[in-house]
Amino acid sequence: MESVRFPLTAKFACPRSFPTRFLPAVHSMASSYRNRFPYRPLPQSYSLPWMPSAYYKTAALKTTLAPFSKSSQGITASEKLPSIYNRTTVFTQYTPEDWYKSNQTNYKEAETSQKNAEHLTVDTSLLIEHKYQQMRKTQVESTKNLGVRANDIAFWKSELCHELDEMIGETNALTDVKSRLERALAESEAPLQVAQECLLHREKRMGIDLVHDDVEKQLFTEVDVIRLCQEKMQQFLEKAKGQLESNWAAQHKLEKDLANKQVAHRIDDKCHHLVNTSQGISYYRGVEQIDATVSVPESWTKFTNDNILLSQSERAASAKLRDEIENLLVSIANEMWQQFNMVNVAFTNRIAETTDAKRKIQTHLTKTLQKIFQTEKNIEDIKKAIRDQGPPLKVAQTRLDERTRRPNMELCRDTAQLRLVNEVHDINETVQTLQQQLRDSEVTLQMLVHAKSVLQHDLTVKANSLFIDQEKCMGMRKSFPSTTRLLGPF
């Protein structure tokens, strides 16, 4: 730039041929020339190296001629030349005064031109210095603005990075909670299956034990509770999926904005560090005439700020949903465990009642068997007693039959006759009484046998109910998921 300050030499007074190429060869240029705007020829004043159209004006000498004589008017040049050489004296066109005045005029014009040249040189030097300072000031301001712009981009880039890290962490946390919710939903299938199988098994109870007891009521309640919990978990699972999609959308906007700002920061930082001696600088004609911008600083700031605010809003909604899911997992675990315990308590009480009933049935069955044995023995005794009445009856009747053969007046109705008759009647009454007692004993025996059959059947029913409730149902309910599994392992 220093060479521009020196006045131009006289050789620029002649027309100067401009170089045919302003740019270096393509193979020697940096890659920054590529993908630029199409070539647009600029006016000569926009391209360098340049020169003013003319620093000097061509000097024009206007000679003054003396007036022609009248005798020379109308004579051609071919006619005059011979006459001039034939003359003894030379005809002069100017006088010494004209020559002196002409010299003085030329001197003054030369001095004037010299003064103008000196003024022009001084003005040019001042102009060059002013323009150079203006150019330096403009370049410093542009460099400062590029630095400020790079700092602004770096600030928003750091904000985007921070928010992106927070959003990624929140998305990962919500994904973990969603996985726990899915595992808890899958784990709830086992208790539901157990409750339904318990209901199916209890349908195999027999007789009077096929009752709609408290155990069955609690089992139906448990099925309803588990299904209600599953519905709640499914609803929150759909909410979590929707929130994850919103988080990913906000995260995508942050990542895209961050990637654009990284490119812009790299470009502006490169432009900020460019100087006049940097490599890769070149001419790009017409680039200043093309406005490819799509935003202003206000809209640029608002765009990034809106992305961050959207991410913060989605992150807050995601955190709230995570808390709701955590509370839901705790509440459903408590509800399912509470109902599970209530069913177990009902089973325990019912098993105790059935066991007590079975014990009492066994006691009554034992007593009934004893009574059956005693009744059977009593029947045998009655039958023996009836048989024992046969010989005395035969004796009495034989005596009466023999006494009927007494002759004539010997057929006396004496005391012996009366006693024999009374004896026969007494024995017959005794036999009838014993036979009635035998019939009563046989009826009692039948009732006892029936009672024994009923007790034995009831004992079988109770044993079957105990096997179902104690062995099958309570055996399955030992595999109920723990609280950790219902909450979803971390």
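Roughly how many nanometres apart are two label points built 7 Å out from the Cα toward the Cβ at LYS204 and GLN139?
Spacing of the two 7 Å Cα→Cβ label points: 9.8 nm.
Ignoring ligands, DNA and RNA, how do ARG405, ARG136, ARG202 rank by accessible area with a 1.4 Å probe, largest first?
ARG405, ARG136, ARG202
What nm distance separates the two modelled labels at ALA117 and GLN456, each placed 7 Å from Cα along Cα→Cβ?
Reported label-point gap for ALA117 and GLN456 is 15.2 nm.
Could you name the aspartates and glutamates in cross-link range of LYS472, using Cα to Cα under 15 Å and dropping any fewer than eight places away on the same chain?
Excluding near neighbours in sequence, the set is GLU197, GLU203, GLU216.
At a threshold of 8 angstrom on Cα-Cα distance, excluding pairs fewer than six apart, so keeping six or more, what relative contact order does the range 349-487 reach in percent?
Dividing the mean separation by the residue count of the range 349-487 yields 46 percent.
Provide the FRET efficiency to the nearest 0.05 for the PHE303-ARG183 pair, computing r from the beta carbons and using R0 = 35 Å. Intermediate values should be presented prior to the final figure.
On the way: r = 40 Å, r/R0 = 1.15.
The value I calculate is 0.30.
Please report the carbon-and-sulfur percent of the accessible area for the range 349-487; probe 1.4 Å, protein heavy atoms only, DNA, RNA and ligands left out.
After summing per-atom areas, the C and S share lands at 54 percent.
Using Stokes-Einstein with the Kirkwood hydrodynamic radius over Cα pairs, what translational diffusion coefficient do you get for the range 269-416 at 10 °C and a viscosity of 1.306 mPa s, in µm²/s rounded to a whole number? Working shown, then result.
On the way: Rh = 30.0 Å.
Calculated translational D: 53 µm²/s.
Of the heavy-atom accessible surface of the range 121-222 (probe 1.4 angstrom), what whole percent is carbon and sulfur?
Its accessible area is 57 percent carbon and sulfur atoms.
State, to one decimal in nm, how far the label point of TYR100 lies from the label point of ASP224, with both points 7 Å from Cα in the Cβ direction.
Simple spin-label model gives 14.1 nm for this pair.
Would you mind working out the accessible area per residue for the range 349-487, using a 1.4 Å probe, and quoting it in Å²? Walk me through the numbers on the way to the answer.
Numbers: 9270 Å² over 139 residues.
Heavy-atom SASA per residue in the range 349-487 reads 67 Å².
Compare PHE347, PHE303 by solvent-accessible area with a 1.4 Å probe and give them largest first, with all protein chains kept in place.
Numbers: PHE347 0, PHE303 115 Å².
Reading off the accessible areas and sorting them downward yields PHE303, PHE347.
Compute the length gained on full extension between GLN93 and GLU238: take 0.36 nm times their separation in residues and subtract their Cα-Cα distance, giving the result in nm to one decimal.
In short, 40.6 nm is gained.
Two decimals is fine: what's Rg over Rh for the range 349-487, C-alpha atoms, Kirkwood radius as Rh?
Expressed as Rg/Rh, it is 1.51.
Using a 1.4 angstrom probe and counting only protein chains, how large is the accessible area of TRP248 in Å², to 10?
Its accessible surface works out to 130 Å², give or take rounding.
How big is the gap, in Å, between the Cα center of the range 309-378 and the Cα center of the range 172-197?
Using only Cα atoms to place each centre, the spacing works out to 21 Å.
So how much accessible area does VAL421 have, in Å² to the nearest 10, using a 1.4 Å probe?
VAL421 has an accessible surface of roughly 50 Å² with all protein chains in place.
How large is the accessible surface of HIS162 in square angstrom, using a 1.4 angstrom probe and rounding to the nearest 10?
Its accessible surface works out to 110 Å², give or take rounding.
Using a Förster distance of 41 Å, how high is the FRET efficiency between SER295 and ASP323, based on the Cβ-Cβ distance and rounded to 0.05?
So, using R0 = 41 Å, E works out to roughly 0.60.
Run down the aspartates and glutamates and flag those whose C-alpha is under 19 Å from the C-alpha of LYS394, throwing out any fewer than 8 positions away in its chain.
GLU402, GLU423, ASP426, GLU429
With θ set to phi - 60° and the Karplus curve 6.51 cos²θ - 1.76 cosθ + 1.60, what are the ³J(HN,Hα) couplings of the range 340-345 in order, to the nearest whole Hz, using x for Gly and Pro?
So the Karplus estimates, Gly and Pro as x, are 4, 5, 5, 5, 5, 5 Hz.
Just order 119-127, 422-430 by mean Cβ neighbour count inside 10 Å, highest at the front, would you?
422-430, 119-127
Could you put LYS360, LYS478, LYS462 in order of accessible surface area, largest first, with the 1.4 Å probe and the full protein assembly present?
These residues rank, largest area first, as LYS478, LYS360, LYS462.
The values are calculated or read from the model by the stated rules, or taken from the named source; none is laboratory data. Source: prediction; values computed, not measured. Using ideal geometry, Cβ is built from the backbone for each residue, glycine included, and neighbour counts are taken over all protein chains shown. Accessible surface is based on the protein model in full, side chains and every heavy atom, while ligands, DNA and RNA are left aside. Shrake-Rupley method; radii C 1.70, N 1.55, O 1.52, S 1.80 Å.
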